[in-house]
Amino acid sequence: MSATTQGRLRVAIVGGGISGLSTAWYLAKAAAAHGITLDYTVLEKADHWGGKVRTEHVEDFAETPFVVETGPDSFLTQKPWALQLARDLGLSDQLLGTNDDKRHVYVLRNGKPVIVPDGVFLIVPTKFKPFALSPLISPLGKLRMAFDLVIPPKRDDADETIADFVKRRLGAEAVDRLAEPMLAGIYNAEAEQQSILATFPRFRDLEKNHGSLTRGMLASRRKQARNSSNAAHGKVSAFVSFQGGTQTLIDALVPKLTGDLRLDTGVALIQPESDGTYTLTLEGGDSLTADAVVVAAAAYHTADLVRSLAPEAAAQLDRIRYVSTGTISIAFRTADIPRPLDGFGILMPSSERRPINAVTISSTKFDQRAPDGYVLMRVFFGGSRSPQSMHLDDAALLSMVRDQLRQVFGVEAEPLFHRIYRWWNANPQYDVGHLERVDQIEASLPDGLYVTGS
């Protein structure tokens, strides 16, 4: 396009969540590195930046605040992009890793919390004795999981569901007690539909390269141990947040963006022009012209915007399912919890038929989340496992959650405070075939039009 060849590029970014904001940041860096003058505009329909990445500080109870997350509480360092962005923004000294010495996770079994045995990495046991002695899996279930060492690996690259993969390698009980609450729980997904390649490709790589998940994980652990001994000073937790909460990333990023940033600005229409540019009609009636457009929004919003431009891409975007999820953060005095868990929290398998999905003990998982002498919990509900809980009014939801905490932790005391957050149609479902679907979407877009985000 002529504007680009003349060394100037106009880009419109639709969506001011973390995907849209980070697109603006790295696009500006790339333009500067290539000597291109970049004029970019970020258009966000809401009244705040960052989408679901928001943090509230509750300061009414002690000298230090409670740090309450409305959306994600951390990011995964195995996927290095968020960590790299934090370092690029000069936030290295504010990074906060999990308390890995307390990294115990429980699974509810027959109404009772059972600790996941030491050495189990998500679904794969790597230490014999703790696993053999654990009551989490039955003796027959453990025997079936041991067959992973002799079952031939799948050699083709075809996708499959989490449930099919784990059942094939480790058995049905491992699906119920480990894979469904852990692997599917991370994505608020259904194990029977969730893509292994889109969400946990590492497990397929372990199977392909080592013939067994157990052998592959043991090899990975040995390699990690060697790397850690060679670079112990650079060790980073698997999950990382910030001392002041995840909104720290947004608060640091937005002031460094030098483009035209507009809140309360929705986009009604994107139209191609004969010269290869695009005209964006805003919901207020104004318009702007861009050489390229990046839509960083939910798939169903993106589909509506690109349907007239790229009907095949829109059709594939329409196929990406979403579920609604919520959390309630709730605080107590430590002394008010008769049966505390020594760990990060507890997962509820679907087979337990609970109206909640999990409880994270935020003040154990991370330091600086609650004052001394207090506990901050975060209860997850909704998704495909407890969708009915999304439709409870706030009073009924709080009552239900308190009843669940009473059963699991013995808590009878009134909470100090609570915060409810509901995210409607906000969690994309990465069903089998998702990666192929993304490839088809990208291949169907016209030049100068791009999509990103969740």
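The values are calculated or read from the model by the stated rules, or taken from the named source; none is laboratory data. Remember, predicted model here, so these are calculated numbers, not experimental data. Ideal geometry is used to build each Cβ from the backbone, glycine not excepted, and the neighbour counts take in all protein chains shown.
Scan the stretch 343-362 for residues that are of a type in the set (A, V, I, L, M, F, W, C) and outside any strand (DSSP E or B) and report the count.
Of the residues in the stretch 343-362, the ones of a type in the set (A, V, I, L, M, F, W, C) are 344, 346-348, 356, 358-359, 361.
The next check asks that each one be outside any strand (DSSP E or B); those that pass are 344, 348, 356.
Residues flagged as of a type in the set (A, V, I, L, M, F, W, C) and outside any strand (DSSP E or B) within the stretch 343-362 amount to 3.
Given the criterion of a type outside the set (Lys, Arg) and either in contact with a Gly (Cβ under 8 Å, 6 or more places away or on another chain) or more than 27 Å from Ala82 (Cβ to Cβ) (or both), identify the matching residue among Val295, Val306, Val267. Explain how you work it out, then say what you get.
On the way: Val306 fails: either in contact with a Gly (Cβ under 8 Å, 6 or more places away or on another chain) or more than 27 Å from Ala82 (Cβ to Cβ) (or both); Val267 fails: either in contact with a Gly (Cβ under 8 Å, 6 or more places away or on another chain) or more than 27 Å from Ala82 (Cβ to Cβ) (or both).
Going through Val295, Val306, Val267 in turn, just one is of a type outside the set (Lys, Arg) and either in contact with a Gly (Cβ under 8 Å, 6 or more places away or on another chain) or more than 27 Å from Ala82 (Cβ to Cβ) (or both): Val295.
So for the stretch 262-274 (the condition being surrounded by fewer than 18 Cβ atoms within 10 Å (Cβ to Cβ) and either among the β-branched types (Val, Ile, Thr) or at pLDDT below 95 (or both)), does at least one residue qualify?
First, the residues of the stretch 262-274 that are surrounded by fewer than 18 Cβ atoms within 10 Å (Cβ to Cβ): 262-264, 266, 268-269, 271-274.
After this cut, where a residue has to be either among the β-branched types (Val, Ile, Thr) or at pLDDT below 95 (or both) as well, the list is none.
No, every residue in the stretch 262-274 fails to be surrounded by fewer than 18 Cβ atoms within 10 Å (Cβ to Cβ) and either among the β-branched types (Val, Ile, Thr) or at pLDDT below 95 (or both).
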Kindly indicate the residue of the stretch 301-321 that is out of contact with any helix residue (DSSP H, G or I) (no Cβ under 7 Å at 6 or more places or on another chain) and surrounded by fewer than 20 Cβ atoms within 10 Å (Cβ to Cβ) and also farthest from Gly7 (Cα to Cα) among those meeting that condition. Arg321
Quick one: how many residues across the stretch 60-78 are part of a loop (DSSP other than H, G, I, E, B), farther than 16 Å from Gly97 by Cα and in contact with a strand residue (DSSP E or B) (Cβ under 9 Å, 6 or more places away or on another chain)? 6
Pairs, first in the same structural domain as Asp447 (by TED's automatic domain parsing) in the stretch 269-295, second hydroxyl-bearing (Ser, Thr, Tyr) and assigned to a loop (DSSP other than H, G, I, E, B), C-beta under 7 Å, six or more apart: Leu282/Thr265; Thr289/Thr277; Ala290/Thr277; Asp291/Thr277
Which pairs have Cβ atoms under 6 Å, sit 6 or more apart or on different chains, and link a residue in the stretch 46-57 that is outside the structural domain of Ile328 (by TED's automatic domain parsing) to one that is surrounded by fewer than 14 Cβ atoms within 10 Å (Cβ to Cβ) and not small (Gly, Ala, Ser)? Asp47/Leu263; Asp47/Asp264
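Each row is one residue, and each column tells you yes or no for (1) in a strand (DSSP E or B); (2) at pLDDT 95 or above; (3) not charged (D, E, K, R).
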| site | (1), (2), (3) |
| --- | --- |
| Ala395 | no, yes, yes |
| Leu398 | no, yes, yes |
| Gln407 | no, yes, yes |
| Glu412 | no, yes, no |
| Tyr421 | yes, yes, yes |
| Trp424 | yes, yes, yes |
Counted residues in the stretch 80-96 being of a type in the set (Gly, Ala, Ser) and free of Cβ contacts under 8 Å to residues at least 40 places away in the same chain come to 1
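Sort through Phe165, Phe147 and tell me the only one that's surrounded by fewer than 16 Cβ atoms within 10 Å (Cβ to Cβ) and part of a helix (DSSP H, G or I).
Selected residue: Phe147, the only one of Phe165, Phe147 that is surrounded by fewer than 16 Cβ atoms within 10 Å (Cβ to Cβ) and part of a helix (DSSP H, G or I).
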Within the stretch 344-387, of all residues that are farther than 22 Å from Glu412 by Cβ and among the small types (Gly, Ala, Ser), the one surrounded by the most Cβ atoms within 10 Å (Cβ to Cβ) is Gly382
The one condition in (1) under 30 Å from Pro446 (Cα atoms); (2) surrounded by fewer than 18 Cβ atoms within 10 Å (Cβ to Cβ) that Ser195 fails to fulfil: (2)
Output the number of the condition that Met390 fails; it satisfies all remaining conditions of (1) surrounded by 21 or more Cβ atoms within 10 Å (Cβ to Cβ); (2) of a type outside the set (Ser, Thr, Tyr); (3) touching a Gly at 6+ places or on another chain (Cβ under 6 Å). (1)
